[in-house]
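Notes follow the structure.
The values are calculated or read from the model by the stated rules, or taken from the named source; none is laboratory data. Nothing here was measured: the structure is a model prediction, and the numbers come from that model. Positions of Cβ are backbone-derived with ideal geometry, glycine not excepted, and every protein chain shown enters the neighbour counts. These area figures cover heavy atoms from the full protein model, side chains too; ligands, DNA and RNA do not enter into them. Shrake-Rupley method; radii C 1.70, N 1.55, O 1.52, S 1.80 Å.
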Amino acid sequence: MRVVDLRSDTITRPTPAMRRAMAEAEVGDDVFGEDPTVNRLQEMAAERMGKEAALFVASGTMGNLVSLLAHCGRGDEVILGDQAHTYIYEQGGSAALGGIHPRVVPNQPDGTMDLQQIEDAIRPDNEHFPRSRLIALENTHNRCYGTPITAEYTKAVSQIARRHGLKVHVDGARIFNAAIALGVDVKELVADVDSVMFCLSKGLAAPVGSVVCGTREFIAQARRTRKVVGGGMRQAGILAAAGIVALTEMVDRLAEDHANARRLAEGLANIDGLSVDLDRVSTNILYFDVTRETLTAQELVDRLNAEGVRVLSTGPRRIRAVTNYHVSADDIDYALGVFQRALRA
Ligand code: TLP
């Protein structure tokens, strides 16, 4: 059966070039700082993001966790969006393991938080309150339709943070999608922030890994917090080698994923029983709603799955699709045919 897997860009498998690089990678013990391939990836990543230093970690979740643990102590507070991946999908790890208190501000449909609401959420120095330490942004914003967050907005948030002595972290799991969609150098998107985490294992198709970037001092602290959560990975150059290929060969092609997401959205918009807001499709993530009363999102997902088209239901009427390296324009047209049949049934 022909399969078109749109559940996530995390399903991407390593390219032949990655497998070759992995097989040939020079390695050493990275806990001693002696893995040349990990070191090279970290240098490349820091350079790409315009930061002093970088740290290879096992996953996006680990990257966000070690960053929050490095910025905040127990009883400190992080301000973040109510739709943030870190708030919803990371098991509350920073609270559970780090005693960091989350202060949520509503995300607006475009993934930003209202600047005034952020500023209002910062606590005055008072023994009743946790200490506000950090503001966390997400770019692109997964739950907010994969919307890219602009450099101007990020700068405005950073200015608020500076005024009050807070730091800014960006969950940039898909920050290269944002850079491609906005047509800017990725450095501009993180120029004013203290730390950024980006993923190699999503649209960039590496099998494993994310990278945290920031100042030398911050990365030294993040290295400590990575170790305590069990993230010291020894001969991790085997994995970093694929990450290097991801950074050098897989960034520019993200534009194809964006074009395919638009193609899918436009096709879905023409299918009776579905509703898509075309204005909100700007990267590789799209959400749409099942408007036919007699059909739930999960029922439609099951019908599609039986025909090899895989998507995720994220609410009673809502479905998410994510275009990725293994999905071509022809696959999109095929998937649209399957959608049409599933809704006719
Ligand atoms: N997102 C996954 C799922 O967890 C929902 C997906 O399929 O989109 N930040 C953001 C913005 C993410 O979207 C994700 C993964 C992470 C962090 C966590 O990365 P991993 O899965 O590597 O821990």
Cα-centre dipole for the stretch 12-249 with unit charges at Cβ (Lys and Arg positive, Asp and Glu negative), debye to 20: 380
Students often check this: by mean Cβ neighbours within 10 Å, which of 193-201, 222-230 ranks highest, and how do the rest follow? 193-201, 222-230
Nearest-20 debye value, the stretch 253-344 charge dipole, Cβ charges on Lys, Arg, Asp, Glu: 160
Provide, as a two-decimal number, the C-alpha radius of gyration of the stretch 253-344 over 2.2 N^0.38 Å, N being how many residues it has. 0.98
For the residue pair Gln108 and Ala191, what label-to-label distance in nm results when each label sits 7 Å from Cα along the Cα-to-beta-carbon direction? 2.1
Surface accessible to a 1.4 Å probe, per residue, for the residues of the stretch 102-243, Å²: 40
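Based on the Kirkwood radius over alpha-carbon pairs, what value in µm²/s does the Stokes-Einstein equation return for the translational diffusion coefficient of the stretch 99-160 at 4 °C and 1.567 mPa s?
Values: Rh = 12.7 Å.
Diffusion coefficient, whole number: 102 µm²/s.
With a/c under 1.5 counting as rounded, go ahead and sort the stretch 1-123 into rounded, prolate or oblate using the C-alpha gyration tensor (a ≥ b ≥ c being the square roots of the eigenvalues; past the cut-off, prolate if a/b is larger than b/c, else oblate). If you can, show how the numbers build up before the last one.
Details: a/c = 2.31, a/b = 1.47, b/c = 1.57.
Oblate is the answer for the stretch 1-123, as a/c is 1.5 or above yet b/c matches or exceeds a/b.
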Quick calc: nm separation of the 7 Å Cα→Cβ label points for Glu217 and Lys155 -> 2.5
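Carbon and sulfur together cover what percent of the accessible area of the chain at a 1.4 Å probe radius? Before the final figure, lay out the partial values.
On the way: 6980 of 14720 Å².
Looking at the chain in its full context, I get 47 percent from C and S.
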Provide Rg over Rh for the chain; use the alpha carbon set for both Rg and the Kirkwood Rh (inverse mean inverse pair distance). 0.99
For the stretch 143-192, what is the relative contact order in percent, using Cα pairs closer than 8 Å and at least 6 residues apart in sequence? 51
For Val105, distant residues with modelled amide H under 5 Å away: Leu80, Gly81, Asp82
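Using packing as a proxy for protection, rank 2-11, 292-301 so that the peptide with the highest average count of other Cβ atoms within 10 Å comes first. List each step's numbers first, then the result.
Numbers: 2-11: 18.6, 292-301: 15.4.
Sorting 2-11, 292-301 by mean packing, highest first, produces 2-11, 292-301.
By the scheme Lys and Arg +1, Asp and Glu -1, what is the net charge of all other residues having a beta-carbon under 11 Å from that of Val38? Intermediate values should be presented prior to the final figure.
On the way: positive: Arg40, Arg234; negative: Glu26, Asp29, Asp30, Glu34, Asp35, Glu43.
Result for the local shell: -4.
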Options Tyr325, Gly75, Gln117, ranked by Cα towards positive dipole end of the chain, top entry (Cβ charges): Gly75
According to a simple spin-label model (label point 7 Å from Cα along Cα-to-Cβ), what is the distance in nm between Gln116 and Ala23? 6.1
